Amino acid sequence: MKKLTILFFALILTSVVNAQDAKLHFGLKAAPSLAWLHSSTKGYDSNGSKFGFTYGLITEFKFSDNYAFATGIDVAYRGGKSKYTQSETLGSSTVTSSIEENITLQYIELPLTLKLKTNEIGYLTYYLQAGLAPGINISASADEKMSIQTTNGGSTTTITADSTDMDIKDGTNNFNLSMVIGGGVEYTLSGSTVLLVGLQFNNGFLDERRCGCEGE
């Protein structure tokens, strides 16, 4: 079975957070991302990264001066590129099969994290954040390039086929769970409104794909 794990890296995380009272903050989030796929199955390799985007709502429940429970709801566009190569000998012929996939995945996620903050220094507050992000897959598609090369003596024959925007939802796990680690800075704009900028790394625990190819 094809085993793929997604790694997600948020380059910039920005939001405007409005404090309704001393303990509850909420706001908006937008985050461009860079994602790639890692395979634990022999023959499958990462074949490049993919740019994506995440947007959603942020909610923070402050339970002490420097600690808060941070959650919300995100819509995340992720994916990556993978390549599968297999070679076998059939009589006097050698057949090499190659499949390249450019995968696009869309999730709805519910981050569950603990946020640790420093005291405000000037207009700045620094933070660290860690936790989990369970998610539900709502869309999965792929562009695929397939190549079959047959070598017999000094003669080589190659057959290629391309498919675009293939629906691979049936072969994608409906549930995902990621570890979340991040950090950044909050800048007070005015009153209770702040701008948040940071870095976030998400490492998926579960296989994104549950379907395999012949011979796996």
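Here are a few things to note about the model shown:
- Chymotrypsin sites (Phe, Trp or Tyr not before Pro) restricted to DSSP loop in the range 63-106 with at most 11 other C-beta within 10 Å: Phe63
- Among (1) -0.60, -0.96, -1.27; (2) -0.68, -1.00, -1.19; (3) -0.68, -0.92, -1.08, the entry that matches log10 I(q)/I(0) by the Debye sum over Cα atoms at q = 0.12, 0.15, 0.17 Å⁻¹ as calculated here: (3)
- The separation of the range 43-111 from the range 133-175, counted between C-alpha centres, amounts to 15 Å.
- Over the range 84-216, relative contact order from alpha-carbon pairs under 8 Å, at least 6 apart, %: 23
- Förster-model FRET efficiency, 30 Å R0, Phe63 and Ile108, C-beta, rounded to 0.05: 0.70
- For the range 131-140, 3J(HN,Hα) per residue [Karplus equation, 6.51 cos²θ - 1.76 cosθ + 1.60, θ = phi - 60°, Hz, x = Gly/Pro]: x, 10, 9, x, x, 10, 6, 10, 7, 8
- Applying a DSSP loop filter and a limit of 16 other Cβ atoms within 10 Å to the GluC sites (Glu not before Pro) in the range 57-136 leaves Glu120.
- Above 17 Å, the calculated P(r) of the range 130-212 contains 70 percent of its Cα-Cα pairs.
- Residue with peak Gaussian network fluctuation, the chain [Cα springs, cutoff 10 Å], from Gly182, Gly52, Gly91: Gly91
The numbers here are math on the coordinates, done by the rules we state, and not lab data. Please read these numbers as outputs of a predicted model, since none were measured by experiment. Don't worry about glycine lacking a Cβ; one is built from the backbone with ideal geometry, like all the others, and counts go over all protein chains shown.
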